[in-house]
Amino acid sequence: MSEPKGFISQLNVFNRENYQFSKSKSKSSPAIETSDEILSDVEQGQQFMTELDQGEKRLGVLSCIGLICNRMLGTGVFAVSSTIYTLCGSVGLALIMWAVGAIIAISGLYVYMEFGTAIPKNGGEKNYLEAIFKKPRFFITSMYAAYVFFLGWAAGNSINTAVMFLTAANAEVTEWNQRGIGVAIVFFAFAINTISVKAGLYLQNILGIFKVGIVIFISITGWVALGGGLKDGYQSHNFHDAFAGTETATAYGVVTALYNVIWSFVGYSNVNYALGEVKDPVRTLKIAGPTSMIFLAIIYIFVNIAYFAVVPKEKLISSKLVLAADFFDIVFGGHAKRAAAAFVGLSALGNVLSVIFSQGRIIQQLGREGVLPFSNFFASSKPFSSPGVGLLQHFIVCMVTILGTPSDDAYNFVLNLISYPMNIINFVISAGLLWIYWERRQGRIEWNPPIKAGIFITSFFMISNVYLIVAPYIPPSDGESVYKTIPYWLHCVVAWGIFAFGGLYYVVWAQILPRIFHYKLDTKDILGEDGFWRVQIVKVYDKGHGNEEEESKGDDTNIGDDSPSVENIELEYIESNKDILHRSNKSEQS
């Protein structure tokens with residue numbers, strides 16, 4: 001059975017099934033009529049393959065482990081443990097939440113690895129959603145674009161960085177100094193990633209060392225505390241009757257605690273955004289994904305054990321974002337709290353740099369594909385050969401989020417606003433994978449990627465996300481809401497509103513405007529400046545309605561794009577390799 005169009009990468013491999021060669025005679029190359037003979041030579045045993053992508057494959061196993069860990073290891077484990085304990089009511093249930101969150105994240109990792117090895121190209125879940133939902137065309141793309149465009153991913157950790165730096169300076173944390181420093185931090189991340197990509201990456205790597213060093217040091221200190229190795233044998237004794245208080249936990253508290261845990265695991269799919277640049281993506285994903293997840297899951301639980309071994313329950317409730325600083329204050333005293341706050345702040349800054357680095361490129365890619373309005377503006381790399389416009393867009397969204405949300409609720413609101421729509425997307429992707437399994441079982445498609453999540457893991461991931469989507473609507477008990485001044489359901493409403501805006505944008509962009517101006521939207525594959533193939537959305541005008549310049553560019557797109565097309569590359573490839581292939585075939589026959 002031939003491979004289904006849409007479920008197979010059309011990015012990396014010169015393959016007849018992936019690139020449908022026309023059997024008709026080309027106007028520009030009479031030799032194209034021999035292409036079937038040439039491809040037959042390949043199929044008869046030459047196994048001659050060449051990468052159409054011209055960009056350098058720079059990401060190996062260690063780089064991909066770094067991509068996952070640097071994105072996941074932000075401030076979650078430093079900032080949310082206090083909230084998780086408060087919502088769960090007991091040490092035992094809080095640790096169970098961390099374990100459950102890790103299991104959900106690992107199941108999600110395998111779902112994304114299956115899609116990644118089936119569609120090994122840059123773009124992540126955007127590609128998978130488009131593969132699942134082909135009709136109506138561009139609808140799911142529009143909704144995903146709204147999700148990416150309007151969410152300030154870096155805002156939460158910018159606020160946390162501000163709180164940590166103020167704590168390190170022994171300054172009072174107020175509403176406006178927290179907001180002002182938070183905006184300044186996002187601006188710094190935007191500026192350095194715009195002006196010098198190398199400097200931004202170098203700083204990210206340096207700060208990544210702090211992250212790993214801090215969590216390992218906290219973990220070791222916790223085991224020392226449990227063994228009675230602290231001064232005067234100090235311990236908190238929180239593990240005596242560890243489940244006391246569990247009866248106070250509610251459905252709202254548990255799901256909100258899970259949101260906080262999952263926030264700490266965001267990033268397990270980070271490699272999927274750059275799979276087109278990964279060396280041997282199947283082998284790399286098999287090693288880098290599970291290795292990163294298992295390491296961080298264990299470290300996260302060890303860090304929480306350390307917190308519970310040292311920090312009294314009353315302090316666990318009141319610490320909030322500065323729990324790690326309070327931990328160091330209890331263990332070492334003196335200026336340790338301020339020093340720890342500085343280190344955690346630097347860790348948070350590293351995450352802000354990493355997040356805005358990625359989000360700026362996603363915005364640029366959406367512009368390059370033609371999804372966004374004023375696409376050429378968002379696709380630009382001028383003047384510093386960086387996605388400056390995409391970075392600027394994310395900075396503006398983060399600034400609005402920081403200044404427009406009450407400071408007491410800003411961090412938790414951003415955390416939940418990012419997690420909730422992500423759970424919706426994860427549900428859709430996992431349900432779509434189950435549908436692919438069903439289609440394969442019925443013999444309608446062929447789906448056999450090298451890495452498989454399987455029905456059980458995929459179903460578990462889907463059901464977990466159903467719970468995370470539905471449970472936040474359960475009203476919290478008095479005083480239990482994670483927000484102080486805004487409604488507990490606000491992040492859910494805003495998330496659905498963003499998706500609704502994407503649907504409205506689709507109606508205007510893909511339905512109304514094409515009918516008014518007599519064109520339709522189509523796609524073509526082009527070779528980008530970075531050396532990698534991408535899909536670009538183009539306008540195909542009705543006959544007699546396009547301008548003369550567009551009509552003269554060709555019958556396929558009428559867009560006037562000078563980028564090389566798949567068809568042109570195919571012709572060049574065939575022409576340049578025809579003699580070699582025929583000589584090889586004759587030699588084999590002899």
### Query
Can you work out the FRET efficiency for the pair D280 and N205, with r the C-beta to C-beta distance and R0 = 22 Å, to the nearest 0.05?
0.45
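If eta is 1.306 mPa s and T is 10 °C, what Stokes-Einstein diffusion coefficient results for segment 361-432, Kirkwood Rh from Cα pairs, in µm²/s? The partial results should precede the final answer.
Numbers: Rh = 14.2 Å.
Estimated via Stokes-Einstein, D reaches 112 µm²/s.
If we sort 148-160, 430-442, 309-321, 110-122 on the protection proxy, mean other Cβ atoms within 10 Å, highest first, what's the order? Write down the numbers at each step before the final one.
Numbers: 148-160: 27.9, 430-442: 16.7, 309-321: 19.1, 110-122: 24.0.
My ranking of the peptides, most packed first, is 148-160, 110-122, 309-321, 430-442.
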### Task
Above 11 angstrom, tally the Cα pairs of segment 141-186 and express them as a % of all pairs, no decimals.
66
### Query
So, with a 1.4 angstrom probe, what is the percent of accessible area on segment 61-506 that is carbon and sulfur?
69
### Query
Taking 0.36 nm per intervening residue step and subtracting the Cα-Cα distance, what contour gain separates F217 from K231 on full extension?
3.3 nm
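Find the accessible area per residue for segment 61-506; the probe is 1.4 Å, ligands and nucleic acids are left out, and the unit is Å². Let's see the in-between values first.
Details: 16840 Å² over 446 residues.
Averaged over the residues of segment 61-506, the accessible area is 38 Å².
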### Dmax and Rg, reported as Rg then Dmax, of segment 216-266 (C-alpha, Å)
15.2, 40
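Which net charge results when you count Lys and Arg as +1 and Asp and Glu as -1 among the other residues whose beta-carbon is under 14 Å from that of G345? Before the final figure, lay out each step's value.
On the way: positive: K211, K337, R338; negative: none.
Summing Lys and Arg as +1 and Asp and Glu as -1 gives +3.
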### Message
Just to confirm my numbers, what's the Cα centroid distance between segment 391-463 and segment 465-516 in Å?
### Response
14
### Neighbourhood net charge (14 Å Cβ-Cβ; Lys/Arg +1, Asp/Glu -1) for V311
+1
### Query
Taking the Cα atoms of segment 160-252, what is the range of coordinates along each of the three principal axes, in descending order and whole Å?
54, 32, 31
### Query
Normalized C-alpha radius of gyration of segment 89-207, against 2.2 N^0.38 Å?
1.46
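Taking Cα pairs under 8 Å and at least six residues apart, what relative contact order does segment 61-506 come out at, in percent?
Numbers: 712 pairs, mean separation 149.1, N = 446.
The value is 33 percent.
Which pairs in the list K121/K320; K382/K520; K286/K539; K211/K337; K126/K452; K211/K320 are over 28 Å apart, alpha-carbon to alpha-carbon? Don't jump to the answer; show the numbers that get you there.
Values: K121/K320 40 Å; K382/K520 30 Å; K286/K539 40 Å; K211/K337 17 Å; K126/K452 19 Å; K211/K320 19 Å.
Exceeds cut-off: K121/K320; K382/K520; K286/K539.
Summing +1 for each Lys or Arg and -1 for each Asp or Glu, what net charge is found among the other residues whose Cβ lies under 14 Å from the Cβ of L391? Don't skip to the answer; put the middle values down first.
Details: positive: R361, K382; negative: none.
Residues close to L391 contribute a combined charge of +2.
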### Query
Measuring from centroid to centroid over Cα atoms, what is the spacing of segment 79-93 and segment 175-233 in Å?
22
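Quick check on segment 61-506: what are the equivalent-ellipsoid semi-axes from the Cα gyration tensor, as sqrt(5λ), descending, whole Å? Don't skip to the answer; put the middle values down first.
Details: eigenvalues 231, 130, 93 Å².
The answer is 34, 26, 22 Å, longest axis first.
The values are calculated or read from the model by the stated rules, or taken from the named source; none is laboratory data. All values reported here derive from a predicted model rather than from experimental measurement. So basically every Cβ, Gly included, is an ideal-geometry build from the backbone, and we count neighbours across all protein chains shown. Only protein heavy atoms, including side chains, enter the accessible area calculation; ligands, DNA and RNA are left aside. Shrake-Rupley method; radii C 1.70, N 1.55, O 1.52, S 1.80 Å.
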